[in-house]
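Written below as C-alpha cells is the structure these notes are about.
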C-alpha cells in the first residue's frame, strides 16, 4: 500500500496524524482538501507532499468547469498557488506543481489536459517509488554489517509515495541481510520519529531503539553510532541542507565525533536556483505542536506563554559527508558534484 | 519560600513533579522517603538534591534508636549509602553526605550528633542560597542590556535551595534592570524547561519564549542568541561538564556560531577527584519518561518498543567559554583556574 494514491476520482492517503494508534485513510475530493491535508500534516515528507500536490492538480483539473483551454489553465494556476502555499520549505511541492503545469500547457483541449494531468501525477508517483529504490541501493553501500544508524524524523514509506529515502537506505541494507540497528530520534515537536519511524521499523522487522533527540550527542560521543542518515526538504546548490528542526545540531555532533552524516534525497529536492541555504524559507508552525503534548496527563507548560516553533533548520554543507541521490552519492566539492547528480536526471 | 526546608521534624519540599499545574508540598518523615523523593525527582537539580541529602541525614539521626555513638554512626553510614544511591551523576549528593558524615564523626554523644546534623544541614542550605547570590553577581557581569539568553533544563530556585545558578544569573541581571529575553529549551524527556523554568520566569516577570530543544541550533545560526547559560551536575577537574542530556549538542551549536557558553555552578559541583568527564557515571532513567507523554491525547509510540534514556551527557571542556562559580569565573586553561575557584572555598 502506498502512502498516497489515486482512488476512484479521489486522492487517498494514510492520515499520518493518527499513527501509531490508528491506521486510517483520508479521502480528498478536491484540491482544497489536499492543500489542507498538506498544511495540517495528514501527509508530510518532502517527496510525499510533492506527489500530493501532483494529484491535487489532477483533482483541480476535474473540478474546473472551464470549457476552454485558457479557462482551465487559469483555474489550474489558482490551484497551484493554493497548493504551493500549504507549506513553504520543501521544494518538492513547487517542483511537482511546475512539472504538472508544464504538462497542462503542453496538452491539447480541456479533456486532453485533464487526462494528461492524471497521467502525469501517476507517473510522478510511480517514479518516486522507483527513485527511492535506486537511492536505497546507492546508500546501502555505505552500511556495513553490524552498523548502528542514527535517524532523525521520518523518511520512510510514509514520507514518500513508498519505500522511503533515508529509511529506504536502511530498508535496502536490511533486505541485503545486513545486521543493523537504528537509533530513532523521537523528533520533537511533532514526534515523527516516535510516532511514524518506529511504526515503520516495527513493520519491517528492523531492530531499533527510541531516544530523545537530546540524547543523540551522548550516543555519538560514546562511540555507539556508525552513521547518521536523514532526509531533506530542500538542498541548495552548494549542498546546504534544510531538514526537520534539530538536524543541524545532529550534524554538528556527527562532525565532532567523526561520524559520517548523509542526507538522502531524490534530486527533485535539490534546488539549484538557490546558491546557499540562507535563502531557504523556514516555516513557522503553530505553538500547539510544542505545548499540545501532556506529561503524565498534565500540561507541559503554564497557560498563555510565548512559544516559537520553526519547523526546519539549515545544516551548512561543511557538515555534510555526502548526499545520497537516486543517481549516486555526491561528495564534496558539493556544488559541482550535486549539479552533476541533478543533471543526470534531466 | 525555599524549594526545601526543615519543618517541625520533617523535610518539606515543593513536589516538582506536579508543576506547573499544581503547587504542592511533599513532607518526608524519614530519610528513606527523602531518598525516594530524590530518585523519583520530586526534588531535582544538583544543589537541591545536595540539600535534600543533608536534611535526609538529619532525619536519619533522629530515626536511629542507637544509644551509643558507634551505633548511631553505623546507622548514618547506612542512610548515607541509601541516599547516595538515589541518583548517581550529580556530585553534590555525595559532597553533602561526606560533609554531614564528617560532622557526625566530629560530634560528641548521640544527642550532640543529632543536633549537629540538623545544624549542619541548615547551614548547608543557608550557604547554598548565599553562594547562588554571589554566583549570580559574577555571572550577571556577562549579561548586557538587550541580551537574549538561551537556557537548558531548570537551574532556578527549584533546582537549588533558593535563587538558582544559571537562572540566578538571569535573575540578577533582571534585578539590575537589564532588558533581557530568555529562550527556554523545553528539555526532553522530563521537560524541566517547559514545566519549571517557564513557571519560574513567569513569577519573576522575566520575558521568555519556549522552544523545542531541536530549535536551539536554528536560533543560534540565525544570530538570535547572545549567550548560553546552563547548570551542571558534575564538573571534572579539566572542566568537562556533565549536565542534563542535550547540553553537549547545545554547546556544539554555541561553539559553531561563536556564542559564549557558560555553565554556572557552585564549587560543590566540581569534582576534582575526576581528571576528565569520561569517568562521570551517566544515569539511565526509565523509558516511561520518554514514552509517557501523549500527543493530542494519543500515545507517541507503539507499545512494547525498546527505549534508551540517558539522563545526562558530557560536554568537553574545549566547548566551554568559562565556568561561573560563587568565587568568580574560571576561564581556560580550566584545570588550574577551576582548581583555584574550588580552593577559594576551602
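Read-outs throughout are calculated quantities, based only on the coordinates presented, and are distinct from any laboratory measurement. Values in this document were obtained by computation on a predicted structure and should not be read as measured data. Glycine also receives a Cβ, built like all others from the backbone with ideal geometry; neighbour counts cover every protein chain displayed.
The figures follow:
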{"read-out": "Percent of alpha-carbon pairs separated by more than 30 Å within the stretch B:142-343", "value": "19 percent"}
{"read-out": "Euclidean distance of C-alpha centroids, the stretch B:1-80 and the stretch A:214-255, integer Å", "value": "42 Å"}
{"read-out": "Computed FRET value (nearest 0.05) for residue A:105 with residue B:144, which takes r as the C-beta separation and R₀ as 51 Å", "value": "0.35"}
{"read-out": "MRE, 222 nm, helices only [DSSP H, n ≥ 4, -39500 (n - 2.57), over chain A, to nearest 500]", "value": "-12500 deg cm²/dmol"}
{"read-out": "Average silhouette area of chain B, convex hull of alpha-carbon atoms, in square nanometres", "value": "17.5 nm²"}
{"read-out": "Span per principal axis, largest first, for the Cα atoms of the protein assembly as shown (Å)", "value": "103, 55, 45"}
{"read-out": "Distance from the stretch B:130-177 to the stretch B:261-335 (C-alpha centre basis), Å", "value": "19 Å"}
{"read-out": "Peptide A:13-26 - average C-beta neighbours from other chains (10 Å radius)", "value": "2"}
{"read-out": "Residues in the stretch B:187-209 reached by a label modelled at residue B:283 [backbone nitrogen below 19 Å; 7 Å Cα→Cβ]", "value": "B:187-197"}
{"read-out": "Label-point gap, in nm, between residue B:134 and residue A:331 - each point 7 angstrom along Cα→Cβ", "value": "5.6 nm"}
{"read-out": "Label-point separation, residue B:62 to residue B:39 (7 Å along Cα→Cβ), nm", "value": "2.2 nm"}
{"read-out": "Per residue, the convex hull volume that the Cα atoms of the stretch B:201-298 enclose (Å³)", "value": "157 Å³"}
{"read-out": "Separation of the residue A:98 and residue B:339 label points, Cα + 7 Å toward Cβ, nm", "value": "6.2 nm"}
{"read-out": "Counting DSSP beta bridges with both ends in the stretch A:142-343, the antiparallel % (nearest 5)", "value": "40 percent"}
{"read-out": "Within 10 Å of each Cβ in A:194-205, the average number of Cβ atoms from other chains", "value": "3"}
{"read-out": "Within 10 Å of each Cβ in A:308-316, the average number of Cβ atoms from other chains", "value": "5"}
{"read-out": "A:264, B:28 arranged by Cβ crowding within 10 Å, fewest neighbours leading", "value": "B:28, A:264"}
{"read-out": "Folded to 0 to 90 degrees: helix B:247-256 orientation relative to chain B principal axis, Cα", "value": "30 degrees"}
{"read-out": "Residues A:163, A:147, A:31 arranged by fewest to most Cβ contacts within 10 Å", "value": "A:147, A:163, A:31"}
{"read-out": "Ranking of A:331, A:248 by count of other Cβ atoms within 10 Å, fewest first", "value": "A:331, A:248"}
{"read-out": "Calculated P(r) of the stretch A:4-132 - Cα pairs past 25 Å, %", "value": "17 percent"}
